[in-house]
Amino acid sequence: MSTTSDRKGKSNAYTRAAQFPNDFDALSETVLMCKFCCHQVDWEKKDTVTGHIDTQKHKQVKFEAGGKAKIQTSLESTMPLQDKKQEMILDFVQMMMEANIPIEKKDKMDAWLKKYVPNAGFIPKAEALRKVYVPKVIEKEKNKIKEKIKDQPLSIVIDSSPDRKARNVVNTIAISGISGEKFLLNTTFLDSVNNVTLFHTIDSVRQDYGIKWVNIDHLVCDSAKYNTALFKSMKTTINPKMRLIRCWAHLLDLISDTWQDAPIFSKVHQVTAKFQSLMNKSSPRKARYIQFLMDKKASSIKCMPTIVLSRWNTWFRAVEYLYYYIDYIKDFIKKEQETQDHSEIVSSLMELFSDQESYYEVKLLVAFAFENAKQFLDIIEVFETSKGITHKAYNLINNLYQNLRFNIHSQDFGDAVNDIIDKLSMNRDYWIKEFRNLYRIAWLRTDGLMKGYEGLDFLKAVRVFDPSQLCHLSKKIDDYKNVFDLSNPNLHKQFETYLNSDVMFEEGEDLVKWWKEFESNCPELATLAIRSLNVPVASVDVERSFSMYRDILTDKRCGLTLSSLNSLCIINYNRNFNDDSDTD
């Protein structure tokens, strides 16, 4: 805290408070607060200050307080007054940032704060809050994170995304191998995204938080080629024990894209794209469609989900909607054309629906996707939960692989498919061949991704820490030495004992919690198990951070500086951590 002496010859709120110590206190160089009236007073002119002292109100309040500063009795005082005021201001700024309220809005709150919040008059103006206190809030937040991750094994999750101003935004998240807590460390803006720029980003963030390279044991990212190059450079030059974990939610999206991109679905694409365009371009038409569904007594009154290319599986959700609503859509389009709408999109949709062969084809393909795409949707939803799935990942992936392979020779693709083929007398042999081919290309994509997945041996081995799977796995400790470092004699002995023991474990129990309770019996093994189970198998956490970023950078706030964006992202993403933090 600066003092009057080190500001000699420099007029500010501190020097003015020193001239009138019985009546005023300085919060900062620009904020002078009356100890009795509990609001700011303009410090720049001495006449203004003495004029306040001479007011009847000030004299009355001071008299009633017996000459004792009012604010000292209204604030809990287990620490110096100045520290308590600083704490209150920092908490106020943090609240504003957590709620994503622009700091400049504070000035519009002044009248309300002074009227209803005791002692709020000493909170500085927005400019001072932004320049002085926002950096302090960020520093405080970073220090908390530093303490949380100090000397802990970490998984670094990193990804990039363009924002509404066409900038490359890179978010870096650290996940503790011990607690499983997740922290957004930094939001960085790059001119170009490649292995070199990402390496420098990680290194800069690492130095900022005091993270040692040796403590980064996993890099989690998508399957972009530059991420592969990034990992290789980090593993070969810095930490040879580092492991690469590809985002399986992203890889599964690549697998499901083999169906979405298949030419056979071209007419389904036409229906989804054109109908979505109709709904988005006209609110009155959307209202008419909703009313139409109500008149037809549809089981659920809702519009088709929006297809977003950057969002996993939104196309399948739209196709699932078509399965239930395509007949409604056909009748609605017909009604629109008959009553008032002769637009090109309505006409083209009506033309497709009027062609019986095309309409039957769309219905059949939609039924196939509805019956068979569930395996993609269900598994991606599991991976999107992020936490507590590491030990399940290999089984989920392998089951999908085996199912895709089996259906290459299948004759049955679901009751809905069979019903449409039979009801509409469609060429069964032709469509069976087409559906088999869809499974074949999906299986080939899965096979290629699994063969090129470096972390698959880890996902396969980590199942050993799930006692419910232990009976199906190898009991030979040598089968795990290539994945886990078992050089510690105590760890080796505990691992071997665990492999050959009958462990009591209930299906569905929290594995990390179970291992923590088991820690007293085998501390080294429990630590290894917890570290392994806390490794993320998808980068969904960083994807969520981009969703948060888009909520911050709205059309009305496009003028935010890069520093402000970074600060807001750090505070907003780590809000849950802040809420759980200890109070001083």
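The values are calculated or read from the model by the stated rules, or taken from the named source; none is laboratory data. All figures in this text were calculated on a predicted structure; none of them were measured in a lab. Cβ sites come from the backbone with ideal geometry, for glycine too, and all protein chains shown count toward neighbours.
Results, tabulated for the structure shown:
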quantity	calculated
Number of the exception - Ile71 against (1) surrounded by 13 or more Cβ atoms within 10 Å (Cβ to Cβ); (2) under 19 Å from Lys115 (Cβ atoms); (3) at pLDDT 80 or above	(3)
Checking Ser468 against (1) loosely packed, with under 14 Cβ neighbours inside 10 Å; (2) small (Gly, Ala, Ser); (3) assigned to a helix (DSSP H, G or I), the condition it does not meet	(1)
Total residues in segment 506-523, condition buried (at least 18 other Cβ atoms within 10 Å of the Cβ) and not in a helix (DSSP H, G or I)	2
Residues located in segment 202-232, provided they are acidic (Asp, Glu) and closer than 15 Å to Phe183 by Cα	Asp208
Test for Lys493: is it charged (D, E, K, R), within 30 Å of Tyr321 (Cβ to Cβ) and surrounded by 14 or more Cβ atoms within 10 Å (Cβ to Cβ)	no
Where Leu438 falls short, out of the listed (1) at pLDDT 95 or above; (2) over 30 Å from Tyr324 (Cα atoms); (3) surrounded by 15 or more Cβ atoms within 10 Å (Cβ to Cβ); (4) not basic (Lys, Arg)	(2)
Residue match in segment 486-509 (condition: closer than 30 Å to Ile264 by Cα, among the small types (Gly, Ala, Ser) and modelled with pLDDT of 90 or more)	no
Hits in segment 405-460 (condition: within 18 Å of Arg246 (Cα to Cα) and assigned to a loop (DSSP other than H, G, I, E, B))	Gly452, Tyr453, Glu454, Gly455
Condition broken by Arg311, with the remaining ones in (1) modelled with pLDDT under 85; (2) over 23 Å from Trp443 (Cβ atoms); (3) buried (at least 20 other Cβ atoms within 10 Å of the Cβ) satisfied	(3)
Test: residue in segment 244-254 that is touching a helix residue (DSSP H, G or I) at 6+ places or on another chain (Cβ under 7 Å), at pLDDT 90 or above, hydrophobic (A, V, I, L, M, F, W, C) and over 22 Å from Asp447 (Cβ atoms)	no
Of the criteria (1) over 23 Å from Glu320 (Cα atoms); (2) buried (at least 20 other Cβ atoms within 10 Å of the Cβ); (3) touching a Lys or Arg at 6+ places or on another chain (Cβ under 7 Å), which one Val462 fails	(3)
Selection count, segment 484-505, where residues are outside any helix (DSSP H, G or I) and within 16 Å of Glu524 (Cβ to Cβ)	6
Failed condition for Lys225, given (1) at pLDDT 95 or above; (2) under 21 Å from Lys451 (Cβ atoms)	(1)
Matching residues, segment 248-301, being of a type in the set (Asp, Glu) and surrounded by 18 or more Cβ atoms within 10 Å (Cβ to Cβ)	Asp253
